[in-house]
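The values are calculated or read from the model by the stated rules, or taken from the named source; none is laboratory data. Owing to the predicted nature of the structure, the values given are computational and were not obtained by experimental measurement. Note: ideal-geometry Cβ built from the backbone for every residue, glycine included; neighbour counts use all protein chains shown. Heavy atoms of the whole protein, side chains included, go into the accessibility calculation; ligands, DNA and RNA do not. Shrake-Rupley method; radii C 1.70, N 1.55, O 1.52, S 1.80 Å.
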Amino acid sequence: MKLKLRKKSPPQETIVSLIDVVFFLLVFFMLVGRMDATSPFNVTPPESLAGEDLPSGGTTVAIGINGQLALDGTTISEAGLLQSIARQLTANPDLFVRINADGQSRLQKLLPLVSKLEQEGVRNVVLVVTPNLQ
Amino acid sequence: MRIARRNRNSALITLTPLVDVMLILLVFFMVTSTYLDLDMIPMVEKGDELNPTAPSTGTDGITTLLISINAAGEARFQGRTVTASALAEALRAQPDAQVLILPSGFANVQGLVEVIEAATVAGITNLRVVRLKAAQ
């Protein structure tokens, strides 16, 4: 007697769980991450526990360790930076400027720049710091 | 006569393009986002009006304390070089005082931030950074 083997159907691989995981990761990275223009040079912000939460948005001025300047990820001269800020101010008088200065850069670059920004009419300037977790 | 209807198959929606798009978005957000924990210290706020010619009355009874920062980034208070913790301790006794920070242009940003942190820890709320302008 010949026994008839039942035809085995290939196991059904459901991709619904994969979609769930990918969707979860997607939402996680969207919420946790912050998309900023990366400065063209290395900037290590000063460490401080006295900082407040940094809101998103605004324009970012980076100051490198040797005094190089960048505006929203592009290297720029000080005159060009002030012109660009003045243009942005006409469109948005409440412009928020974040200064991402290297902790080892000298104050002779930072403080005059803040004064000039203030003279241009910027009324919301913050210095970016990173919490010292030691 | 009875006409037999063709058995209609329900339209099949494939999920593969959805998975592709989601994976692309996932990789995009993973690569372009930064995950640094960043805070801020306000330097110019609304209401801080520039008025260097305004006369100082000097009769408001507020004590003004001056902290200088030398080129090496060390804080000097009342004639002595002090550490950040000693400075915070000294300022804690006068939380209502106005604190002026006069840093050397050659000091680094970290030195200034440490002094601001010490003053904040001591409860100082009236804090200003001043700088000397070159004579014209």
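When every residue of the range A:100-117 is checked against the conditions, none turns out to be assigned to a loop (DSSP other than H, G, I, E, B), more than 26 Å from B:Pro103 (Cα to Cα) and either touching a Gly at 6+ places or on another chain (Cβ under 6 Å) or open to solvent by less than 20 Å² (accessible area, probe 1.4 Å) (or both). Entry remark, the range A:18-49: residues being touching a residue at least 60 places away in the same chain (Cβ under 8 Å), part of a loop (DSSP other than H, G, I, E, B) and touching a Ser or Thr at 6+ places or on another chain (Cβ under 6 Å) number 1 in total. For the range A:54-82, the set of residues classified as surrounded by fewer than 13 Cβ atoms within 10 Å (Cβ to Cβ) and either touching an Asp or Glu at 6+ places or on another chain (Cβ under 7 Å) or at pLDDT 90 or above (or both) consists of A:Asn66, A:Ser77, A:Ala79, listed by residue number. Summed over the range B:1-28, residues that are modelled with pLDDT under 85 and closer than 30 Å to A:Val129 by Cα total 0. Only residues that are outside any strand (DSSP E or B) and more than 13 Å from chain A (Cβ to nearest Cβ) were counted in the range B:92-127, giving 6. Just to be sure before I move on: is B:Leu66 open to solvent by 60 Å² or more (accessible area, probe 1.4 Å), part of a strand (DSSP E or B) and among the hydrophobic types (A, V, I, L, M, F, W, C) in the structure I sent? Spelling it out, B:Leu66 is indeed open to solvent by 60 Å² or more (accessible area, probe 1.4 Å), part of a strand (DSSP E or B) and among the hydrophobic types (A, V, I, L, M, F, W, C).
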